[in-house]
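Here is the structure we will look at, set down as structure tokens.
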Amino acid sequence: MIAELGHFAVILALAASLWQSLVPLYGAHVNDTRLMRAASPAALAQFLLILLAFSALTWNYVTSDFSVLNVYENSHSAKPMLYKISGVWGNHEGSMLLWVLILAAFGAAVAAFGNNLPPALKARVLSVQGMVGLAFLLFIVTVSNPFLRLDPAPIEGAGLNPVLQDPALAFHPPFLYAGYVGLSIAFSFAVAALIEGKVDAAWARWVRPWTLLAWMFLTLGISMGSWWAYYELGWGGWWFWDPVENASLMPWLAATALLHSAIVVEKRNALKIWTILLAILSFSLSLMGAFLVRSGVLTSVHAFAVDPQRGLFILVILMVFIGGALSLFALRAPALKQGGLFAPLSREGALVVNNLLLAAATATVLIGTLYPLVLDALNAGKISVGPPYFNLTFVPLMIPLLLLVPLGPMLSWKRADIYPAMQRLWAAASIALLTAILTFAFHFKGPWAAPLAIALGAWLIAGSLSEIAQRAQFFKVSPATAFARLKGLPGQAFGMALAHLGVGVMVIGITAVSAWRTEIITTVKPGDKVEISGMTLTFLSERTLEGPNFTAEQGLFRVTIGDREIGELTSEKRNFRPASMPTTEAGLHAFWSGDLYVVMGDKTADGTGRTLRAYYNPMVRWIWIGTVIMFLGGLLSLADRRYRVGVPKTAPRAALEATA
Amino acid sequence: MTRKQKRLMMLCAGLAVLAVAAGLVLYAMRDNIVFFYTPSDITEKAIPPGTRIRLGGLVEQGSFKKGEGAVVTFTVTDTLKTIPVTYTGQLPDLFREGQGVVTEGALDATGLFVADTVLAKHDENYMPKELADSLKEKGVWNEGKKP
């Protein structure tokens, strides 16, 4: 009954989205206010109906109603409640329902909070948003219905894939989807602007916060996925340049570029055509990511069982939206008015370089991801493009970008002088240099480039801090005045500095773990000791444990440095019911300087010992800490009063200068 | 500078970055692409020892042996030809005899495949695409249903 209610709600939502797509668009065309106003209620109705459907599916999971095929295939009554709920989106059909739910939620948010948008723009934005919703709802209703019944109903479910039964992964898909789908707003605004033939600062003021929000979710979503892969998959790595990971990285790179180019549109009314194109491409890359992950065309370590028929459907959606939007772009973009002028050496110029490098980096990732698919389609052989390719292409493009990050905010708009900007960075440069020398002195064993990369991170951190310090005029005026000025700085300024600082923290983490990680593979018997990076790991004992839906063999280890005992850790091999699927739980001990990562393997041939793999991952946590700092930077920026949607159309002059 | 000159300059900068990116891609593509082969491909094409490749197939029943320390050996088969594989380290959780596997490494002079990576997967229903395709081509494996 509940399942049928959910199914019915999805069909009604489909009708609402059809209404939302067509009526306001026509209304805006003939300039009929009544028809344009139809957009908002339709968007809200679509959202509420999908919410109802999603709740219905969740209810089926919570009550373990195995007469619903989707619940039977992906749930089990013995599963902890958290994983019953996360099981809703831990499978194809449910995750698509979550996708349209978030899509409709973003549409409803524009409908609810967009009262000061020009009516025609709002109607067109919601109409485009409705079209995207329509396509995916059609997909759900025709080939991906989560509410199919099973008759007779089985007594017990087949269970959720055990590697997905993990807190980080329970929340990874919603965040990632919120990021992917959040970019649809930028897309809808871009398409609406093309239909309208007008892009101005007000338009950019709307697009920026939405893009920022999407970017924040995407940042956190990717970070969670990486964290999960790190401790759950038991390989001790945090990024594998796997196609599925690339599928999420590409929209992130494009969104980062969009975030920066939208600033130029807002502040200087320039780069408008490029920004529109970027908005279209960002969401296109999101759609492509969904297609790549869900269609099964990829060979990925993260891939799950898939259905080719669905892949075809998503491919059609992909072609209609990307092709349609790009055709519209080709037709209408030349008609857009040219924007403000600026010298190559200026804040705008720096943001253009940022965009060029990010776009080029996105392109190299795209080529590396799609090349094997193209070759395969041409029957020219089956290949895989691995980490060496990405390290050789992506990294060299990132280095100049990161080097320029602290310089950008020091340049003035329109026309800048390089020497004053460099002068203002001498402190940051000295800190970076000092870091390089110190790192080299203490860590001369690793690759020669590593201290330089650490210095790059220090440069980013010090550059962000000195940017804030100089805005507050520390060292120029009395500390009290400087603190007063610091308080008066807009949240946006702190947000930017914090986000750039986060990148620096992440760069340091990535460098340290890539250059100085140690790995040991050996076999141990109870009582054996293993030396790793100055620590001693003792294999104490092993025992069998019973979990709620698994049986585990647990190895107990003690960590000591010299005579000092640091702690104990456990590593498990779990065997999940009912599928009898094994998983590995790594044992982790976090030091301030890095992680000790221990994985107990199978019994050795004679049955007396165990294989053991241990890593020391220096500063690995800085990677995720960096992403969280980036997220917080976005949050601070978003909380800025002037940035909030619906505040003054023209910011006061003083405030504008403060951000300039 | 006039608008036109500025535009030209931006265009040149864009092209320069693109050229660098294209150069990097071409350079990286030359050496860092790994081809996928089945045991039959390897015997047919006489892959020189030391070339980095991916080898995919099924783990032959009864071929899995644990050696000294963390060394394991097994045989990969596409039911027509077989290749012996040796690997040092821990196998993925879902590694089983009779199941699909993809390994990466190189052949040594004796025809033994020395793997440094054995690909894991998250799902017992999942078969690597390249493997499924080549097995289907040889008529060894049919699209499986979810159990």
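The values are calculated or read from the model by the stated rules, or taken from the named source; none is laboratory data. In this text, all values refer to a predicted model and were calculated from it rather than measured experimentally. Please note: Cβ atoms are built from the backbone with ideal geometry, for glycine as well, and neighbour counts cover all protein chains shown. Heads up: the accessible areas ignore ligands, DNA and RNA and are worked out on the full protein's heavy atoms, side chains in. Shrake-Rupley method; radii C 1.70, N 1.55, O 1.52, S 1.80 Å.
For A:Thr58, the shell of other residues with beta-carbons less than 12 Å away shows a net charge of 0, using +1 for Lys and Arg and -1 for Asp and Glu. Could you pull out every residue, at least 5 positions away or on a different chain, whose amide H is within less than 5 Å of the one on A:Lys382? Hs are placed 1.01 Å off N in the peptide plane, and Pro or chain starts have none. When sequence neighbours closer than 5 places are left aside, the close amide H contacts are B:Phe36. In this view, the solvent-accessible surface of A:Ser430, computed with a 1.4 Å probe and all protein chains in place, comes to about 60 Å². In the structure shown, do any of A:Lys267/B:Lys6; B:Lys45/B:Lys81; A:Lys198/B:Lys4; A:Lys445/A:Lys529 have a Cα-Cα gap over 21 Å, and if so which? In this structure, A:Lys198/B:Lys4; A:Lys445/A:Lys529 lie more than 21 Å apart at Cα. Relative contact order of region A:572-623, taken over Cα pairs closer than 8 Å and 6 or more residues apart, is 28 percent. 3J(HN,Hα) along region B:70-87, derived from phi through the Karplus expression 6.51 cos²θ - 1.76 cosθ + 1.60 where θ = phi - 60°, amounts to 9, 7, 10, 10, 7, 10, 9, 10, 10, 6, 9, 10, 10, 10, x, 10, 10, 8 Hz, with x in place of Gly and Pro.
Ordering B:Asp78, B:Asp93 by accessible surface, largest first, gives B:Asp93, B:Asp78; the 1.4 Å probe counts only protein heavy atoms, with every chain in place.
By the gyration tensor of its Cα atoms, with a ≥ b ≥ c the square roots of the eigenvalues, what is the shape of region A:518-619: rounded for a/c under 1.5, prolate for a/b over b/c, or oblate?
Note, shape of region A:518-619 comes out prolate.
Using a probe of 1.4 Å, the accessible surface attributed to A:His443 totals some 80 Å² when neighbouring protein chains are kept in position. Of the trypsin sites (Lys or Arg not before Pro) in region A:325-422, the ones in a loop by DSSP (not H, G, I, E or B) with at most 15 other beta carbons within 10 Å are A:Lys337, A:Arg415. If you average the alpha carbon positions of region B:1-36 and of region A:534-601, how far apart do those two centres end up, in angstrom? Taking the Cα centre of region A:534-601 as reference, the centre of region B:1-36 is 48 Å away.
Scanning residues 5 or more positions from A:Leu612 or on other chains, those with amide H under 5 Å from its amide H are A:Thr522, A:Thr523, A:Val524, A:Gly601, with H placed 1.01 Å from N in the peptide plane. Here are some pairs, A:Lys337/A:Lys487; A:Lys272/A:Lys382; A:Lys122/A:Lys272; which of them have Cα atoms lying more than 31 Å apart in this structure? In this structure, A:Lys337/A:Lys487; A:Lys272/A:Lys382 lie more than 31 Å apart at Cα. Taking amide H as placed 1.01 Å from N in the peptide plane, the amide H of A:Gly594 sits under 5 Å from that of A:Met619, each at least 5 places away or on another chain.
Which whole-angstrom value gives the distance between the alpha carbon centres of region A:121-166 and region A:380-425? With region A:121-166 and region A:380-425 each reduced to a Cα centre, they are spaced 40 Å.
If you take the Cα centroid of region A:36-86 and the Cα centroid of region A:197-213, the two points sit 33 Å apart. Each Lys or Arg adds one and each Asp or Glu subtracts one; over the other residues with Cβ under 12 Å from the Cβ of A:Phe539, this totals +1.
Using the Kirkwood formula on the Cα atoms of chain A, what hydrodynamic radius do you get, in angstrom to one decimal?
Mean inverse Cα-Cα distance, inverted, gives 26.9 Å.
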